[in-house]
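Participant: Following this message is one structure expressed as structure tokens.
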Amino acid sequence: MHLLPTNEQVQIVDTVAAFLSNLAPVERLRPDKHGQIGNPDASLWPQLGELGFLGLGLAEDDGGIGLGAVEEALVFREYGRNLVSTEIFGITLGAHLAAESNLNTASEIVAGNIRVGIANPRGAITSENGLSGSFHLMEAGEAELIVVLTPDGPHLLPASAFEDGEDCPGMDSHNLLRRATLRNAQPLSSAASSNAHRSRALLLSAAYASGLSKAALDMAVDYAKMREQFGKVIGSFQAVKHKCADMAIAAEVASCQVDFASVVVAENRPDALYHATAAKLVAVDAALKNGATNIQVHGAIGFTAETDAHVYLKRAHTIDVLGGDLRKTRASMMGQAAPA
């Protein structure tokens, strides 16, 4: 098993990193940059689609590039570093579900022409006669399709299947949130390969969280090199050094776990779901802890909206709940067979 990226994969990462650095810097989320609530990333989808990033893991016949889970995970790490809208999960997972079910919408999704939101269960759901339950919809205001994250794996539904929708406030103001209900709704996608789709959903969440943890680390280190107290930069103080070192270890462990899981998922090994679940547990834990520590390193100003520190922690909490928070994810792992 080779865990180091190939030259082609490095080029993919460098390209998407440069694209996001130019067109989606984290500063775009500051209140003085946009007077509206929500994530202003919808304009990126056609451009990312034209560059092929929305269809990296899809077959060429479905409008994709024909690569795999490893490349998708590498790109999602960059999405996390730049706090790209959570709609990117709906687009990527929705394209895979549409392609597997032979829906002609797959190519339009990866071209960035069809909006795809995310639905996360608010409690127990049933699937006896179709999907029923209450959900939080994320970035679904203009979506035509919705990817529903259930314990059995993701499903693709038309947005029109959701009833009683109402806007509701969320902690992450850059992530539009609605409450809605499904009543015996029939998915457009087949659940025949739900374990494969579930593994992919967990892996992409882990990769995104890994990017969050690394970005929070970089921000804390940069600030520690610049901020002075008592005539010295705070990075020279042992207490701050230790916090940054702990953040670096957490980010590196998360990155390694995601890299390993991405290879296992790409090879479609029997233990793919186990390792994808482990990757989410490790990466989300790192994102939450690094996000909080980054705020602490910034001191008093870290608790205000004058810095970008808070957005990393808020987005980490959002990624945590996608498909089930850490507590539920740990519980689900107990029922999975450990790898031999």
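The values are calculated or read from the model by the stated rules, or taken from the named source; none is laboratory data. Because the structure is predicted, anything quoted here is derived from the model rather than measured. Heads up, the Cβs are rebuilt from the backbone with ideal geometry, glycines too, and the neighbour counts pull from every protein chain shown. Accessible surface is based on the protein model in full, side chains and every heavy atom, while ligands, DNA and RNA are left aside. Shrake-Rupley method; radii C 1.70, N 1.55, O 1.52, S 1.80 Å.
Participant: Under 12 Å from the Cβ of D62, count the other residues' Cβ atoms, weight Lys and Arg +1, Asp and Glu -1, and hand me the total.
Facilitator: Surrounding charge for D62 is -4.
Participant: Let me ask another. Calculate, in nm to one decimal, what R122 and V13 gain on full extension: separation in residues at 0.36 nm each, minus their alpha carbon distance.
Facilitator: 35.8 nm
Participant: So what does the Cα-only Debye profile of the range 134-279 read at q = 0.15 Å⁻¹, as log10 I(q)/I(0), no solvent term?
Facilitator: Listed by q, the Debye log ratios stand at -0.91.
Participant: Under 11 Å from the Cβ of T277, count the other residues' Cβ atoms, weight Lys and Arg +1, Asp and Glu -1, and hand me the total.
Facilitator: For residues surrounding T277, the net value is +3.
Participant: Also, I was wondering about something else. If the range 218-340 were replaced by its equivalent ellipsoid, with semi-axes equal to the square roots of 5 times the Cα gyration tensor eigenvalues, what would those be, largest first, whole Å?
Facilitator: They are 34, 15, 10 Å, listed largest first.
Participant: With a 1.4 Å probe and all protein chains left in place, how much accessible area per residue does the chain have, in Å²?
Facilitator: 45
Participant: How far, in degrees from 0 to 90, does helix 7-23 lean away from the longest principal axis of the Cα atoms of the chain, to the nearest 10?
Facilitator: 80
Participant: Using every alpha carbon pair in the range 18-99, what percent of pairs falls into each 10 Å bin from 0 up to the bin containing the largest distance?
Facilitator: So the P(r) values, bin by bin, are 17, 51, 25, 7, 0.
Participant: How big is the Rg/Rh ratio for the range 1-153, C-alpha atoms only, Rh by Kirkwood, two decimals?
Facilitator: Taking Rg over the Kirkwood Rh, I get 0.99.
Participant: I would also like to ask the following. At 0.36 nm per residue, minus the direct Cα-Cα distance, what do K241 and R227 gain on full extension? Give it in nm, one decimal, please.
Facilitator: 3.7 nm
Participant: Using the Cα centre of the chain as the reference point, and only Cβ charges (+1 on K/R, -1 on D/E), how large is the resulting charge dipole? Debye, rounded to the nearest 20.
Facilitator: Around 1220 debye, computed over the chain.
Participant: Quick one: give the max-minus-min coordinate of the C-alpha atoms of the range 89-195 along each principal axis, largest first, in Å.
Facilitator: Principal extents (largest minus smallest coordinate, Cα): 35, 33, 22 Å.
Participant: Which residue, chosen from N268, Q296, G57, occupies the Cα position most advanced towards the positive end of the dipole of the chain, where the dipole is computed from +1 (Lys, Arg) and -1 (Asp, Glu) charges on Cβ about the Cα centre?
Facilitator: Working it through, the farthest residue towards the positive pole turns out to be Q296.
Participant: On to the next question. What part of the accessible area of the chain, given as a whole %, is carbon or sulfur when the probe is 1.4 angstrom?
Facilitator: 52
Participant: Okay, moving on. If you fit an axis through the alpha-carbon atoms of helix 194-226 and take the longest principal axis of the Cα set of the chain, what angle between them do you get, 0 to 90°, nearest 10?
Facilitator: 20
Participant: A follow-up question, please. Below 8 Å between Cα atoms, with a sequence gap of 6+, how large is the relative contact order for the chain in percent?
Facilitator: 16
Participant: In the range 64-165, what trypsin sites (Lys or Arg not before Pro) fall in a loop by DSSP, with at most 16 other Cβ atoms inside 10 Å?
Facilitator: Those that pass, being in a loop and sparsely packed, are R122.
Participant: So in the chain, what percent of DSSP beta bridges are antiparallel if you round to the nearest 5?
Facilitator: About 80 percent, rounded to the nearest 5.
Participant: I would also like to ask the following. Need one value: the accessible area of F237 in square angstrom, 1.4 angstrom probe, rounded to the nearest 10.
Facilitator: Surface accessible to solvent at F237 totals approximately 60 Å².
Participant: While we're on this one: Quick one: net charge around R77, please, counting Lys, Arg +1 and Asp, Glu -1 for every other residue with C-beta under 12 Å from its C-beta.
Facilitator: Net local charge, R77 excluded: -2.
Participant: Please determine, in degrees from 0 to 90 and to the nearest 10, the orientation of helix 69-81 with respect to the longest principal axis defined by the Cα atoms of the chain, where the helix direction is its Cα long axis.
Facilitator: That helix lies at roughly 50 degrees to the long axis.
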